[in-house]
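Everything on this sheet refers to the single structure shown next.
The values are calculated or read from the model by the stated rules, or taken from the named source; none is laboratory data. Since we're looking at a predicted model, the values are computed, not measured. In this analysis, Cβ positions are derived from the backbone assuming ideal geometry, glycine residues included, and neighbour counts consider all displayed protein chains.
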Amino acid sequence: MTQSYKHWQLETDNDQILWLYFDKQGASVNTINREVMEEFAAITETLKQDVTHKGVIIASAKKNGFIAGADISQFTQFKDIEESTDALRMGQKVLNEFEALKLPTVAMIDGFCLGGGLELVLACRYRVVEESSKTRLGLPEVKLGIHPGWGGTVRLPRLIGSLQGLNMVLSGHTVSGKIAAKLGLADVAVPKRQLVHAAKYYILNQPPVHQATTLQSLSNNKIARQLIAQFLRKKLRAKINPLHYPAPFDALENWEAVGVQSNEAYEREAKSCGRLFFSETCQNLVRVFFLQEKMKGLAKDISFSPKHIHVIGAGTMGGDIAAWCALRGFTVTLQDLEARYIAPAIKRAAALFKDKLKERHLIQQAMDRLIPDIQGNGLPKADIIIEAVIEDLAIKQSIFKQIEAKAKPDAILATNTSSIPLDEINTILSHPERLVGIHFFNPVAKMQLVEVVKGAHTSQTIIDQAIAFVRQIDRLPLPVKSSPGFLVNRILMPYLLESVELLNEGVPMTAIDKAMTDFGMPMGPITLADTVGLDVCLSVAKYLGRYFDTPIPTKLEELVEKKQLGRKTKEGFYKYDKRGKQIKPQIISSGHSLEEISNRLVLRMLNEAFACLRENVVANADLLDAGMIFGTGFAPFRGGPIHYAKSQGIHALYEQFVKQQKAKGDKLEVKDWDEAVV
Amino acid sequence: MTETSFMRDVYIVDGARSPFLKAKGGPGPFSASDLAVNAGRELLARHAFSPEALGEVVIGCVMPTPDEANIARLISLRLGCGKSMPAWTVQRNCASGMQALDSAVKDIAIGRYDLVLAGGADAMSHAPLLYNEAMTLWLASLWTAKGWKNKLKGWAQFRPYYLKPVISLLRGLTDPLVNLSMGQTAENLAYRFHLTREQMDQFALESHQRVAQAQEQKHFDEITPLFTKNGDFYLADDGVRQDSSMEKLAKLKAFFDKKFGSVTAGNSSQVSDGAALLLLASREAVEQYHLPVLARIKAVEWAGVDPAEMGLGPVYAVNQLLKRFNLSMQDIDFWEINEAFAAQVLACLAAWESDEYCRKNLNRNGALGKIDRSKLNVDGGAVALGHPVGASGARIALHLAHVLKRNHAQKGIATICIGGGQGGAMLIENVSGV
C-alpha cells in the first residue's frame, strides 16, 4: 500500500501485518475530525480488497496517548441539526464498514483512548491495552452535553453488557487498562514491554473474539431494558437534573427503546446526538471546555521547574495543599509549631494518596515525599514557600519576615490568604515583588481552581512562575488582581449574605438551597456556608465588609458566638447527624417561588461580578466565568455568570436588580452593568 | 599529619534517629525502612546539599522483612538520593549500626567518598513467624504431588503440630553454637562476676531514671518525630517507665533461666523498633558544603570473645582502643556502653576493675580501671529506651557525640557487645571545625 495520507501512516512489517499509525498532522495529540474520518474511510475501502496482509493493527504515532476523542472545536460549527446528524451517520458508516472487514483488526492502545477514539476502537475485532492507570478508556461525551454518536452507545453495552456499558456511557467515567480488560472492553491488558507482542499475537493467532456473557446479553433484551432503564434513570435523577443535563437521559431512552442489535439503534443514536449538539447545555459546556483549555495554556511557555515546596501551616488548607503537591510529585516539607498540628494532615494525606494512587508502592513514594517539618528545615531549601496560617495580617507579616530572611533568593514567596490584600502583607518585605497569592479552594483535592494573585508590586516573572507551578500540580490558574476577596470570594460573599437575608425574611433554608440547586449549583448557599464553616464565613464577611460597606447578618454572628460553626461542629444553620449527614428540616412554604429566590440570589452575585469586571479584578469576562465555574461550581451548563447574564439580556437583569434593591430599601446607587462588558 | 588512625579524618556532621518504639506484641506501625526514611529525610533536609550529593548509603540491619532485601538501597531511593546512589547493607548482629559507621568511615578515610549517610535500623516487632521444618516438608510434598490420589494422600498426612510456628525473633537472639539465648549468656556473666539481682535491678532503675530525666531536660535532640497514616505521632522513646522502682523490678520473674535465674525482662534491654542515621564527611566535604561538625571519629576496634560470654565484648574492644592510642580509662570523659543487659554492663565494669581478669585476659599489669557511674550512660540506655539491634550501635555513637558537646568534654568511647561473641568500640572526639 503506497498511498499516502495526511493523518495516517501505513507500514507493513515482516509478518505481513499492516500497521496503521494515527498521526494527526500538526497536533501533539490525536483527535478525530472530518478529514481524519474521510481518510480512515478511504483506508477502509482499500482494506476491503486487501489480500496481501494478515491483519491490521491501529496504533498511535504520538508520544502522548492514543486518541483523545473527536475534535471538540467542530461541535459548535455545524450549520443545523441535519448537518450534525449527517456527520454522525457518516462516521457510523465508516466504522461499520471497518468492523465488517474480513481482515482481523487490532487496536493497540497505550495512554488515553476516549470518546470518538474509543468508538473507533470498539469497531476493531480485538483491543490490546497497556495495563497501567495512565491508560484511560472511556466515553466522556456526557461531560460536554452530548452522548456518543459513532455507535458507542450501541457497541459498548453489547460488548460488556448493559450495566457496565451504560454506566460508562451515562457517567462519562474512564477506566484503567487493567479494569478495561476485566470488564471485557479490552481483550487483554499487558505491560508496555509486551504491547507489540500481544497485538501481533491477536492477528497471527486470531483467537475467538470477546463475547458478552449470557447474562450480559440478556441484559440488553427488551424486558431487561425496561427494568434496568427504570433503575438507572432513578439513579441518574438522584445526581443530575434532566433539564440541565439531558444527554445521559437521552442515551438511556434510546437504549431502552431499541436496544443494541438493530440498525435502528445506530440511527436513533445519530439523531439524538445530532440534536444535542444544538442544546444550550452542549454549547455552554463546550465553551467551558475551551475556557479550561485556555487556563491550561496560560504560562505554557514559561520554563520553571520547582522541585521542593515548603508549606507553613498544617491546618485544613495548608495540610491539603501540601498533600496535593506531594501527590503531584513534589518534595514537600510541611511546617507547623508542633507534631500534633501536623499529624491530622498526614492522616488526610494518607487517605488521599490511597484514594488516588491505589497501589502500595506509589502511596509509599508519595508519603515519603511529604515531610513533616517542625523545625522548618525545608524553608531554606524550597523553591516555593506557601504560607497557609490563619487570616491575621500581623501573624502573616511576621511569618513572611522570617521567610524572607531564610528563603533562597530566587524562591517564590506565596500566601494562601483568601481575602487579605497582598499589598498589606508585603509592606514588611524588603522585596515585595517576590510575594504572590496562590489561593486554593476547599477541598483542595476537588476544587480545580487556584487564584494567582498579583499585588501592586508583584513582578510579572513571579506571576508567570506561579501560574506555571499551578499547572504543574494540575490545577487551573486564574490570574487576579489583589483586591479584597480577590475574585471568587468577593462574588460568593454577597450571594451568601443575601441568602442569610432571605432567611431573616422568613424564607425556609431548604427552599433557598433547593432554589439554587435547581438553578444548577452543586449545593445551596446555606449548606455551602455550613460546609465552609460559619466562622470562616464571618471572618471573610467582616473583612470584606470593611471595604464594601456590607452589613454583617446578626444571625451569622449569633451562630458563631454559640460555636455552631456548621458541619464541623455538627450544627450550623442546619443540624448534622453523627456521620455528618445533614438533617433536613420540614419545609414550611414561604410563599416565595423558587425562581423568585434564585433570581434574587443570582442577581446579587451578578452585580458583584460586573463590579469585578469594572475594577479589572480579572482580565476578562471569560476568565471570570471560568473562575466561578471551577472555583465554586457555578452551574457549568449555564456557561458562567457573565455568559448567563448575556444570554438573559444584561440590561434587563440590571433593571431587575435595581428594582429589587429599591424594594429592599437599599439606597446605594447600583452602578450600571453594561459599561463593564466590552 | 592526621591525628586519627585513618588516612583522612572523618567527621560526624549531624545525626537523627527515630523514637525507639517498644514492641507491644504484633508488628508496630513502621517497618525498618520506614523508620530510617523518617529520620533520614529530616536529617538531609537540615543541610543545604542535595541528597544526590552523597557518596553512598550504608545501613546496618539484622532482621529486615522479606520485602527489605538490601534495605540500604531501599532507604537510599526512598530518601531521594537518586538511582545512581550506591547503597549497601551490613550485618554484624547487635553492632550492625556501628559496623555501618565503620564501613562508611573507611570509605571516607581511603578517599572513595566524601559524604556518606550511615546508620542502622530494625523493626524487631516485625520479625516474622515462620513455618517449622515439618510443615515446610509437608507443603513441599503436597505441592509436588501428582494426581488427585497422591494429593489426597498428602492432605491426609497433615499433623496439627505442623502449625507450631518458629518465632524468628527468639531464634535470632539465640546462639546456635553454644545453644544459649542472649539472656542466658548474661546469666553466665552474673555467675562469673557474682552479680546480684539487686545490683542488676538497681542499674536498670537508674537507666529508667536517667532516660526520664534526660527527656525532661530535652537531652534527646537527635530524635525526629514519627507520624503514622492514622494520625498518630511519636515524639519520644516509649519504653521508659517513669514509675519504675526496685519493688516493681523485684517482682519480675527471671525470663531466661526460669525459676532460679536473675536476668529479668526488667533488667534486660527492650525489644524495640528504631533507626539512627549519621552524616559522615571528610574535611573536603565539610568545607565544600559549609557543614557543621559534631565530632571526629578517631578509631573503631573490634574484638572476639567466647560466645557464651558475648557480653564481655566491650572489655576487649575498649582495651585494644586504649592500647592503640596509649590512653588510660581516665582519659575518657564519657562512655556509652550499650545496655544489652544490666548484668552484661556490670560484668564489663567488673572485668576492667579486676587485676586478675585484666592480667590474665588483657595482657595488662593490673586492672584497666574504674568508670565512674557519672560518666557512663549519662542519659540512660537500652534497658530503658530499647535496643533495636541494627540501630543501637549508631544510636550510642550519635548520642555520645551530643553528650561530649553538651559537656564541653573531649573524648568519648561508645562500645557495644555483639551476639555470637564480639565487641565493638568507637573513640570519638569533640571538635567543632575541621
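Out of curiosity, is A:Glu501 surrounded by fewer than 20 Cβ atoms within 10 Å (Cβ to Cβ), assigned by TED's automatic domain parsing to the domain that holds A:Gly566 and without any contact (Cβ under 8 Å) to a residue 24 or more places away in the chain?
So A:Glu501 fails the test.
Taking the stated definitions as given, is B:Gly311 buried (at least 22 other Cβ atoms within 10 Å of the Cβ), away from chain A (no Cβ under 14 Å) and over 17 Å from B:Met98 (Cβ atoms)?
The answer is no for B:Gly311.
Given the options A:Ser398, A:Ser419, name the one that is under 23 Å from A:Tyr547 (Cβ atoms), of a type in the set (Ser, Thr, Tyr), surrounded by fewer than 24 Cβ atoms within 10 Å (Cβ to Cβ) and outside the structural domain of A:Asn616 (by TED's automatic domain parsing).
A:Ser419
From (1) assigned to a helix (DSSP H, G or I); (2) crowded, with 20+ Cβ neighbours inside 10 Å; (3) away from chain B (no Cβ under 14 Å), pick out the condition that doesn't hold for A:Met367.
(3)
Among helices (runs of 4 or more DSSP H) lying entirely in the range A:571-670, which contain 3 or more residues that are under 30 Å from A:Ile438 (Cα atoms), among the aliphatic types (A, V, I, L, M) and touching a Lys or Arg at 6+ places or on another chain (Cβ under 9 Å)?
A:621-632
Answer with yes or no whether A:Ala238 is of a type in the set (A, V, I, L, M) and touching a strand residue (DSSP E or B) at 6+ places or on another chain (Cβ under 7 Å).
no
Please note which helices (runs of 4 or more DSSP H) are completely contained in the range B:152-263 and include at least 3 residues that are at pLDDT below 95.
Ranges flagged: B:168-172.
In the range B:35-81, how many residues are part of a loop (DSSP other than H, G, I, E, B) and either away from every other protein chain (no Cβ under 12 Å) or of a type in the set (Phe, Trp, Tyr) (or both)?
Qualifying residue count, the range B:35-81: 12.
Would you mention how many residues in the range B:212-242 are within 12 Å of chain A (Cβ to nearest Cβ), surrounded by 18 or more Cβ atoms within 10 Å (Cβ to Cβ) and of a type outside the set (Ser, Thr, Tyr)?
5
Hey, does the range B:287-306 have a residue that's part of a helix (DSSP H, G or I) and hydrophobic (A, V, I, L, M, F, W, C)?
No.
Say we look at the range A:201-223 and pick out the residues that are within 37 Å of the chain's Cα centre (by Cα), assigned to a helix (DSSP H, G or I) and of a type in the set (A, V, I, L, M); which of these is nearest to A:Ala186 (Cα to Cα)?
A:Leu215
Of everything in the range A:333-350, what is among the aliphatic types (A, V, I, L, M) and buried (at least 24 other Cβ atoms within 10 Å of the Cβ)? Give them in sequence order.
Result: A:Leu334, A:Ile342, A:Ala345, A:Ile346, A:Ala349.
Condition check ((1) within 30 Å of B:Gly15 (Cα to Cα); (2) within 14 Å of chain A (Cβ to nearest Cβ); (3) of a type in the set (Gly, Ala, Ser); (4) surrounded by fewer than 19 Cβ atoms within 10 Å (Cβ to Cβ)) across all residues:
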{"residue": "B:Pro176", "(1), (2), (3), (4)": "no, no, no, yes"}
{"residue": "B:Asp201", "(1), (2), (3), (4)": "no, no, no, no"}
{"residue": "B:Arg210", "(1), (2), (3), (4)": "yes, no, no, no"}
{"residue": "B:Met246", "(1), (2), (3), (4)": "no, no, no, yes"}
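Which one is surrounded by the fewest Cβ atoms within 10 Å (Cβ to Cβ), of the residues in the range B:119-139 that are part of a helix (DSSP H, G or I) and of a type in the set (Gly, Ala, Ser)?
My answer is B:Ala134.
Can you name the condition, by its number, that B:Lys218 falls short on among (1) more than 30 Å from A:Arg340 (Cβ to Cβ); (2) free of Cβ contacts under 8 Å to residues at least 24 places away in the same chain; (3) basic (Lys, Arg)?
For B:Lys218, the exception is condition (1).
Before we move on, is A:Ile438 assigned to a strand (DSSP E or B) and within 25 Å of A:Phe634 (Cα to Cα)?
So A:Ile438 passes the test.
Would you point out which residue out of A:Phe353, A:Phe330 is within 14 Å of chain B (Cβ to nearest Cβ), crowded, with 18+ Cβ neighbours inside 10 Å, among the aromatic types (Phe, Trp, Tyr) and touching a strand residue (DSSP E or B) at 6+ places or on another chain (Cβ under 8 Å)?
A:Phe330
Filter the range A:378-394 for residues that are of a type in the set (Asp, Glu), in contact (Cβ under 8 Å) with a residue 24 or more places away in the chain and not in a strand (DSSP E or B) and give the result.
Within the range A:378-394, A:Asp383, A:Glu391 qualify.
I'd like to check something: does the range B:136-144 contain any residue that is within 28 Å of B:Gln270 (Cα to Cα) and of a type outside the set (A, V, I, L, M, F, W, C)?
No.
For A:Ala388, only one of the following conditions fails: (1) within 13 Å of chain B (Cβ to nearest Cβ); (2) among the hydrophobic types (A, V, I, L, M, F, W, C); (3) under 17 Å from A:Trp324 (Cα atoms). What is its number?
(1) is the only condition that A:Ala388 fails.
I'm told A:Thr153 meets every condition in (1) closer than 16 Å to A:Asp71 by Cβ; (2) surrounded by 23 or more Cβ atoms within 10 Å (Cβ to Cβ) except one. Can you identify the failing condition by its number?
The failed condition is (1).
Suppose we filter the range B:82-94 for residues that are in a strand (DSSP E or B) and either crowded, with 20+ Cβ neighbours inside 10 Å or out of contact with any helix residue (DSSP H, G or I) (no Cβ under 7 Å at 6 or more places or on another chain) (or both); how many remain?
Looking only at that region, the number is 5.
If you scan the range B:45-70, which residues turn out to be of a type in the set (Asp, Glu), more than 13 Å from B:Ser31 (Cα to Cα) and crowded, with 17+ Cβ neighbours inside 10 Å?
Of everything in the range B:45-70, just one residue is of a type in the set (Asp, Glu), more than 13 Å from B:Ser31 (Cα to Cα) and crowded, with 17+ Cβ neighbours inside 10 Å, namely B:Glu56.
So, A:Glu130, is that one surrounded by 23 or more Cβ atoms within 10 Å (Cβ to Cβ), under 30 Å from A:Ala635 (Cβ atoms) and charged (D, E, K, R) or not?
no
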